[in-house]
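Only the coordinates and a few stated rules stand behind these numbers; no lab work does. As the structure is a prediction and not an experimental result, all values here were calculated from the model. Here Cβ is always computed from backbone atoms with ideal geometry, including for glycine, and neighbour counts include all displayed protein chains.
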Amino acid sequence: MRLRDLVMAIIVAVLAVTLVVTSALTDLRSPDGTEALGATLADDDAVRTLIVAGAVDAILEDATERSGVLGPLVPLVGPLLEASVVAALDTSAGRAALASALTDALRQLTVPGPIAIDLRSAALVAAEEVPAPLDTLIRAAVAEGGVGVLVLGDIDEDDGGTVEGPQPLAPEDVGRVAGLAPGLARWLSALALAAAVLLLVVPGTRTDASPGARPTRRSVRLTVTGSLLLATGVATTLLLRMAPDTVTERLVASLPEDDAVGAALPSLLSGIVELLGPTGRVALMLTVIGAIGIVAGMLTRRSQH
């Protein structure tokens, strides 16, 4: 290969990887996709059980710390409070508040730092539904910071080992990749890759004088281009199979390994797989185009003999 072809091949490889990364970020930051997944998780019994259990434990712990008198009553109050919170989250307002909290958490997946699930709105909705004096326990726990923000992941010790609350993306930043509007970054990456492939595959204006020189170079270009795209597509497909596990590892890093966590994972895994569906199609497209390029290179080489 000539120097020009080698440089273009490197550019094609870089742009192919860039397209895959951009596509994955676009999927994981999709405004519609994360909202739909948040609503789905909010309706999932296993997810709701996990969140309710964590919230109820935090409320009771906060109440016990503020009043030692409640300690002996926890076995009696706990089940009643849990049943009341579950009933409250079954209301439309409760489901909406929980879905909003989970959606904001999903949109933090590709942002560095711990993931914070803001359950304060959902807790206050529950306080409106539960009977007295349980509503007072919930409101006091939220006001005192004993319940409301569930933090997943490692907390930076430089911040004092605490997280004041989640930092949801501003509405204008939701779904953006590299500052570009949702979806635009993926299309620009695809166009850049297509242009680079054409520049590599299409013969240059300067050719050797020998009759067989151009076909030989063209077959090499096609084969190299196809190989790069095929390798990227296959590698992406394999990585997508591992991506859901990688994401869930980050989400559950601070949660105990128990049956409740395990029961909630399948819904999260399937949701992430669905979110990354467009990237899977991008990987398939690269694989197919790469295979076509390799075959075209072989046919071109064979036609010159």
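So how far apart, in nm, are the two label points at Leu199 and Val234 if each is 7 Å from Cα heading toward Cβ?
The modelled label-to-label distance comes out at 2.8 nm.
Between Leu269 and Arg302, what length in nm is gained on full extension when 0.36 nm per residue of separation is reduced by their alpha carbon distance? Kindly include the intermediate steps, with their values, before the conclusion.
Values: separation 33, 0.36 × 33 = 11.88 nm, distance 4.67 nm.
Full-extension gain reported as 7.2 nm.
Can you compute the FRET efficiency between Ala143 and Thr49 using 1/(1 + (r/R0)^6), with r the Cβ-Cβ distance and R0 = 22 Å? Round to the nearest 0.05. Before the final figure, lay out the partial values.
Working: r = 26 Å, r/R0 = 1.16.
With a Förster radius of 22 Å, E is 0.30.
If each of Arg4 and Thr136 carries a label point 7 Å out from its Cα toward its Cβ, how far apart are those two points in nm?
According to this spin-label approximation, the distance is 8.4 nm.
The range 22-49 to the range 172-198: how many Å between their Cα centroids?
Rounded to whole Å, the Cα centres lie 22 Å apart.
What are the residues whose amide H is under 5 Å from the amide H of Val149, where those residues sit 5 or more places off or on another chain and H is modelled from the backbone?
Leu119
Just to verify a number: FRET efficiency for Ala36 and Asp57, C-beta to C-beta distance, R0 = 30 Å, to 0.05?
Efficiency, rounded to the nearest 0.05: 0.55.
In nm, to one decimal, how far is the Glu128 label point from the Thr110 one, both placed 7 Å along Cα→Cβ?
A separation of 3.4 nm, rounded to one decimal place.
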